[in-house]
Each structure stands twice: as C-alpha cells, then as structure tokens.
Amino acid sequence: MGKDIIYLDYAATTPIHPSVMACMQQIQSELYFNPASNHSAGCLSSVLVEEAEKKLLNMLGASQGKVIWTSGATESNNLAILGVARQRAYRGKHLISMRTEHKAVLDVFCFLEKQGFEVTWLKPESNGKLSLEKFKDALRDDTQLVSIMHINNEIGAVQDVERIGLMCRERGITFHVDGAQSAGKVSVDLSFLNIDLYSISGHKFYGPKGVGALYISDGVLIEPIMFGGNQQSKIRPGTLPVDLISGLGEAAFISHSQIEKDLMHLMALRQQLIEGLQEVDGLYINGPTKDGYPGILNVGVEDVNGESLLYLLEPLCVAAGSACNSQNQEPSYVLKSIGRSDLEAQSSIRFSFGRFTSSDDIDKAVSIYCKAVKKLRSLSPG
C-alpha cells in the first residue's frame, strides 16, 4: 500500500491476510494440479478443495449442506436466485426482496420480472432495517423465494435473518441470504438459522478476489445457469481454482478464530470516528445509530457537495455509495430508500474499516474529513 494512503474502504475489499497469501503461493508453485484429474496429483488438489470446504462450513456453523465454489458473491447470488426461481416455478412466480439490496440481487430480480415473475419490493425503515410486519404481510400462497441481504454494504444495517428465515420455513418458502458483508465478519450459525442458500465472497474477509461460494442446504434443488462440464454436480461446471479456494478456506479459518476480537476492535474504532466527527456542524448518520455492523459508518453533512468532498479527502480512501455502482453518478438508491433526499445522499460518505485499521488511521481520517468540509464551506458563496 502507498505510504500516504489511509484505507477505510473495507466494505469494497479487504487486504489479503499474509497467511492466506502464503497458502496460495505454495499451491501455485507446488500443488497446481487439476482436482478433477484421476491421477495422484489431481487427488492431492482434490483433498485441498475438501479441506477448504470443511473450513468454510465450520465458519458458517453448518452441520449439513454443501458448498458450490463460484467466482464471488455476484455469481453466487445469480446462481441462487435464477437457479431456485426457475426450479420452483411450479409452486408460483411470486418473489420478495428489498429495495436496498446489492445490484447483484436487484438486477437478477429485475431480469426475472421480464421473464414473467412477480416481485414484491420492500422498503426499509429509516434505520435501514426491514419491518417484520411488512414482510409478513407481503407473503402469499404463491411466494416461492425470498432474498434478503444480511448486512447492507452501504449503511451496515443488519437484518433479522433468524426471524425472516423462520417465517419462510413455516410456509415452505426458499430463503436466500446475500452474506457478502457478514461471512467472516459476524458470527453465523447455519445449523440454527433457517437459511437455505447463503452467498459468500472471499475478498470481503481477507481472502483473494475472484473466488466465492454458495452454501446450499440439504434438500434444496437448484437449476444450473452455466453448462459445460461435470464439476460440482453439474451445478457450476468449470475447472476449480485450487489456489483461490484454499486461500478462501484459510481466510475462513482465521476469521472464525477471531470474529469476537475483530468486532471489539471495530466497535472501538467506530466510537472513535463518531466522536472525532462531532466537531463538524450539520453531520448526520445514515442508517442505524445502534445495533448495526460496527465496521461501516455512513455519514452526510449539510451544505457540502459530495463529489467535491470526495476529491478533497485524498489520500483518505473512502466511498460514496457502493464500489460496484461507483460509475453511476446518480444518488445512492440505498440512501434514498431510507428517506434521504438527492442532495443528502450526494453529500454522504461511507467509512468502512477492518482488522488492520489502526486508531491512528481514524485520527488522520477525522482530521482530513474535518479540514475538507471546512474548506468547502469557506468556498461556498452562501
């Protein structure tokens, strides 16, 4: 990392843990074999894939079910939603999701709407959370699939997937959760939660980019959306990248062992950041002020242009909205869904921090942010 960079964009991607990097380098140089090959070398690679699956399932608290390896949570979301919606179309074509979902979910549901499915889009409360009463009222006899994000990537709102899952299970509805921002960051117990499908991305919890997974509970049937081989029960064909998969497994092993330590660290950093930003007049927090994921803090400020603010914050690396939607100059649809105006949404910045963020990083971020706001206000004709 450049010596002057202050990286507070962990929700976009995390640095690779050194142990994960070492694991992948060894495989790339010594154990590069195709796990689908029937010879002894291929068997060695196949064992590595199995070990990675065990580590991931252990982190997720899953006592049953299977893992389908993918290129990341975007592919996992596509596979889960398209694969289940098509397979269960006999039950009905009613689907439920939220307006604040990641584009990797929203766009898939929009595609299914064009294919004749009906989607009920639920709006969150002002804190970003889904009203369970509104969710219950949206359920119908022909509802076959629900997809709800566990932790929102822009504001850190944590959904009650336990109770949502229970309502789905009682009605025989398949429940998919986008866990890109929760896997490896908060405790997840899939042996207890009524979650049928859970999407994961390796680079969100100190693993490599280009690899993810879809957890599928026992008894859940899914149609493939790709074709061309017998790998992974034909659900997701293609040669498995053993180095990336092993890296994800190692990241899962490390994260599982220190989730509580990480959360305590993040809570302290969040409190330090909030206290430091209090000197800025007109500052407001977008999303939950309590009970949210502590590694994400989204703030806005009155009378400041967000685009100009982001430019002045360099070398502080933060985000205005989601990295996957950064080329879109429109105000954040997530912030608008919780009641923010276009101007308020455009004046907002997401800070996200993680395991390697220091208290000194937060102090520097506060100083840079406060100076930038002060400068912009001094230049304002008002």
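Quick note: the coordinates plus some simple rules give every number you see, no bench work behind them. None of the values given here were measured: they were computed from a predicted structure. For neighbour counting, all protein chains shown are included, and Cβ atoms are generated from backbone atoms with ideal geometry for every residue, glycine included.
Kindly express, to the nearest 10 degrees and within the range 0 to 90, the angle between helix 40-59's C-alpha long axis and the longest C-alpha principal axis of the chain.
The helix 40-59 is inclined about 50 degrees to the chain.
When Lys and Arg each count +1 and Asp and Glu each count -1, what net charge do the other residues less than 12 Å away from K364, Cβ to Cβ, add up to?
Residues close to K364 contribute a combined charge of -3.
How long are the three semi-axes of the equivalent ellipsoid of the stretch 134-263, in whole Å, if each is the root of 5 times an eigenvalue of the C-alpha gyration tensor, listed from largest down?
26, 22, 12
Can you pull a Stokes-Einstein diffusion coefficient for the stretch 65-154 at 37 °C (0.692 mPa s), Rh from Kirkwood over Cα pairs, as a whole number of µm²/s?
Diffusion coefficient, whole number: 238 µm²/s.
Placing unit charges on C-beta atoms (Lys and Arg positive, Asp and Glu negative, everything else neutral), compute the dipole magnitude of the stretch 18-257 about its Cα centre in debye, rounded to 20.
In debye, rounded to 20, the stretch 18-257 gives about 360.
Run through the DSSP bridge list for the stretch 18-257 and note the antiparallel percent, rounded to the nearest 5.
The antiparallel proportion sits near 40 percent.
Charges on Cβ only, +1 for Lys and Arg, -1 for Asp and Glu, centred on the Cα centroid of the chain; of Q329, S246, S46, which one is farthest towards the dipole's positive end?
After comparing all options, I get S46.
Restrict the search to the stretch 138-239; then list the trypsin sites (Lys or Arg not before Pro) that DSSP places in a loop and that have at most 16 other Cβ atoms within 10 Å of their Cβ.
R140, R171, K209
Based on alpha-carbon positions alone, could you give the equivalent ellipsoid semi-axes of the chain from the gyration tensor, as √(5λ), descending, whole Å?
35, 27, 17
With a cut-off of at most 14 other beta carbons within 10 Å, and DSSP calling the residue loop, which trypsin sites (Lys or Arg not before Pro) in the stretch 1-92 qualify? Please list them.
Hits after loop and neighbour filter: K3.
Normalise the Debye intensity by I(0) for the stretch 279-382, one equal point scatterer per Cα, no solvent, then take log10 at q = 0.11, 0.12 Å⁻¹ and round to two decimals.
Log10 I(q)/I(0), no solvent term: -0.33, -0.39.
If amide H atoms are built 1.01 Å from N in the plane of the peptide, which residues on other chains or at least 5 residues away come under 5 Å of the amide H of L122?
For L122, the qualifying residues are S97, M98, R99.
Using all alpha carbons of the stretch 26-111, what is the percent of pairwise distances in each 5 Å bin, ordered from the shortest bin to the longest?
Result, from short to long distances: 3, 11, 15, 16, 16, 15, 10, 8, 5, 2, 0 percent.
So which of K185/K364; K55/K204; K103/K364 end up more than 22 Å apart by C-alpha?
K185/K364; K103/K364
If one computes P(r) from the Cα atoms of the stretch 101-198, what percent of pairs lie at distances over 18 Å?
46 percent
With each run of n ≥ 4 DSSP H residues scored as -39500 (n - 2.57), what mean residue ellipticity at 222 nm is computed for the chain after dividing by its residue count and rounding to the nearest 500 deg cm²/dmol?
The per-residue figure over the chain is -12500 deg cm²/dmol.
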